[in-house]
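Enquirer: I have a structure I would like to understand better, so I am pasting it below and will then ask my questions one at a time.
Just so it is clear, none of the values below were taken in a lab; they were calculated from the coordinates. Source: prediction; values computed, not measured. Because the Cβ atoms are built from the backbone with ideal geometry, glycine has one as well, and the counts that use them run over all protein chains shown.
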Amino acid sequence: MAAVAQEGLEKLKLADPVNNPSSNATNGSNGASKEDPEDSHDDDDDDNEADNGNIGAAAGAKKKRKRKKKKKGTSTANATKQSAPPRVPVSQLFPNDTYPVGEEVEYVGDNAYRTTNEEKRHLDRMNNEFLTDLRRAAIVHRQVRSWAKDWIKPGMGLTEIAEGIEDSVRHLTGHMGLEEGDNIKGGVAFPTGLSRNNCAAHYSPNAGNKMILDKMDVMKVDFGVHINGRIVDSAFTWTADSKYDKLLEAVKEATNTGIKEAGIDVRVCDIGSAIQEVMESYEIELDGKTYPIKSIRNLTGHNIGQWQIHGGKSVPIVKGGDQTKMEEGELFACETFGSTGRGYVQDDLECSHYARKVDAPKTALRVASAKTLLTSINKNFGTLPFCRRYLDRLGHEKYLLGLNSLVNSGIVEAYPPLVDTKGSYTAQFEHTFILRPNCKEIVSRGDDY
């Protein structure tokens, strides 16, 4: 998911979504019969004519049925490669759950012994089931990401982009999320973030959103995939204008630096220091003015738990004093954010992201709609983040009062969009990696980055 903000959230005012009623039309067909205008034949001839007419009618109906052909190109049952848009489940493309391994990086320094140590290799083999789920989620992310990069174009609506990515994830995981509990088994891990320009994170369109992607936009595309709660969280920045290339290069290099520095027993403050040094060695010229590129100091990377996008540990992207160490077996999302603004974000705009707290208090709810909504959240999302579009998709109506009640009761956390100064530009790149006993595996690494 986009990022962890290190400050508390303000009270939120939730606006009613715009209703978009739609109607479905059904098609029908009518049949017609012809009568013989001549009646001068005898009874036998009439009988024969009737029999022949019945046979002719049956033959005619048979012919009509034969002419009906099945639609071509809609079935993916025998597909051996991914379609565009992605619709072939990856379990079909990779039989026997043999999913590609991510980029493996050997440990160095004090941890170099782990690469060949037999005990560590044995511990690694014991994680097969966990790693299979993680790699399956990773290949889904890579295939959807690869398609989305070519598919996204200026002039498209943000809702169209978000739903295109999310529908692809659902098809490739085999979990459409409409049956109760299906989304907890696999599918979309959190709402697709489409944060533009000075908005750095946590923006996803709500129902009725009419926002259009402009050719001058710098948009962060942040989405997640999970299988059995094993989450792969990765993001990239889209732009159609090469003048932003230095901003994107700085952030991409900073993310790769953070991944390179990460390892077992490494202090997160040391990673943050290395990230900031690389990020802020860059500058960018826009419209004749030069801007230093700054790390957004109150956004961080994070570790990931099962069904829990923010596991409790943060990976800073600036120098600091956090002495927390990374540990064997932990899963992390290394994400960095660069900005041409002041390098500090705050809450703004309409909220779309929510998640039930892992340690949510048991509070008596007086609003009936809040009780109904909480039951649905528990059954369909658990502690995975969701957005208002997902509630709409499940058929919920007039739920904002109940949702607001859950937020105010401390049961659900709201994650509003995070923005830097107006007129500034922000970029993000992110990868998920796991600290296996004998090596570091960057599970979301692809040919693109």
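Enquirer: For a quick check of your reading of the filter: which trypsin sites (Lys or Arg not before Pro) in the stretch 336-396 sit in a DSSP loop and have no more than 10 other Cβ atoms within 10 Å?
Expert: Here the sparse-neighbourhood loop sites are LYS362, ARG366.
Enquirer: Shifting gears a bit: Between ASP214 and ASP359, with labels modelled 7 Å along Cα→Cβ, what's the label distance in nm to one decimal, could you check?
Expert: 4.3 nm
Enquirer: Do any GluC sites (Glu not before Pro) in the stretch 117-211 lie in a DSSP loop with no more than 13 other beta carbon atoms within 10 Å, and if so, which?
Expert: The qualifying sites are GLU179, GLU180.
Enquirer: Something else now. At 7 Å along the Cα-to-beta-carbon direction for both MET156 and GLU277, put a label point, then send me their distance in nm to one decimal.
Expert: So the label points at MET156 and GLU277 sit 3.9 nm apart.
Enquirer: Using r as the Cβ-Cβ distance of ASN128 and ASN378, and R0 as 22 Å, what FRET efficiency do you calculate, to the nearest 0.05?
Expert: 0.15
Enquirer: Could you give the length gained by full extension between THR421 and GLN323, i.e. 0.36 nm per residue of separation minus their alpha carbon distance, to one decimal place?
Expert: 32.2 nm is the gain from fully extending THR421 to GLN323.
Enquirer: For the stretch 313-432, what's the relative contact order in percent, using C-alpha pairs closer than 8 Å and at least 6 residues apart?
Expert: Averaging sequence separation for qualifying contacts and normalising by length gives 48 percent for the stretch 313-432.
Enquirer: Do the alpha carbons of any pairs in LYS185/LYS379; LYS243/LYS289; LYS185/LYS371; LYS220/LYS246; LYS220/LYS243; LYS357/LYS398 sit beyond 20 Å of each other, and which pairs?
Expert: LYS185/LYS371; LYS357/LYS398
Enquirer: Also, I was wondering about something else. In Å, the Kirkwood hydrodynamic radius of the stretch 368-430 over pairs of distinct alpha carbons?
Expert: One decimal place: 13.5 Å for the Kirkwood radius.
Enquirer: Continuing with this model, one more query. Which three semi-axes in whole Å describe the equivalent ellipsoid of the stretch 405-449, each the square root of 5 times a Cα gyration tensor eigenvalue, listed largest first?
Expert: That gives 32, 23, 8 Å for the three semi-axes.
Enquirer: Calculate the length of the line joining the C-alpha centroid of the stretch 340-392 to that of the stretch 187-251, in whole Å.
Expert: Centre-to-centre (Cα) distance: 20 Å.
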